[in-house]
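Submitted below is the structure of interest, expressed as C-alpha cells.
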Amino acid sequence: MFGLRVPIITVVTNEGGSGRSLAIECVNKWLMLENSTTFYVASPKGCTVILWKSSQSAPKAAEKLRITTQEHYKLLIANAIIPRGKIGIYGEGLVMQVV
C-alpha cells in the first residue's frame, strides 16, 4: 500500500482488534464514525466481563481503554469524526474537506 500514488483514506465504521486492525494504519487520512472503536487487545464487552463480571459497562470500559472515537481524535490518530446521521451522500462533504 505504501507504493500507491493515490491518497488512501480509511473510514472506521465499527470496531477491530489485535492484528486485524493493523491494515488501517497505512493510510493518509483516517476518518471514524462517531460511535466506532478500534485498536484494542480485549474488546470493551470482553473487558467488562473480565473486570466487572458484567457486559453492561462496555462504554465505561471503552473510555478506560482510551479506544473511543473522541480519544483517537484527541490523540491525533483520527483526522476527523463523522457525526451520526452523516453517512452516505451527506458524508461526502466531510470527506472532501479532510482530503
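Considering only the range 37-56, how many residues are crowded, with 18+ Cβ neighbours inside 10 Å and at pLDDT 80 or above? Show your work before the answer.
Initially, the range 37-56 is screened for residues crowded, with 18+ Cβ neighbours inside 10 Å, giving 37-40, 43-44, 47-48.
From the residues that got through so far, the ones that are at pLDDT 80 or above too are 47-48.
Residues meeting the conditions: 2.
Assuming residue 77 fulfils every condition listed in (1) hydrophobic (A, V, I, L, M, F, W, C); (2) modelled with pLDDT of 80 or more; (3) more than 22 Å from residue 6 (Cα to Cα) apart from one, which condition is it?
Failed condition: (3).
A further question on this structure: Among the candidates 59, 7, which residue alone is modelled with pLDDT of 75 or more and in a helix (DSSP H, G or I)?
Just a single option satisfies the conditions, and that option is 59.
Now for a separate question. So the check is Cβ under 7 Å with 6+ separation or different chains; which pairs have a first residue in the range 50-79 that's closer than 12 Å to residue 35 by Cα and a second one that's of a type outside the set (Ser, Thr, Tyr) and part of a helix (DSSP H, G or I)?
62/44; 68/62
The values are calculated or read from the model by the stated rules, or taken from the named source; none is laboratory data. This is a predicted model, so every value here is computed, not measured. Virtual Cβ from ideal backbone geometry, glycine too; neighbours counted across all protein chains shown.
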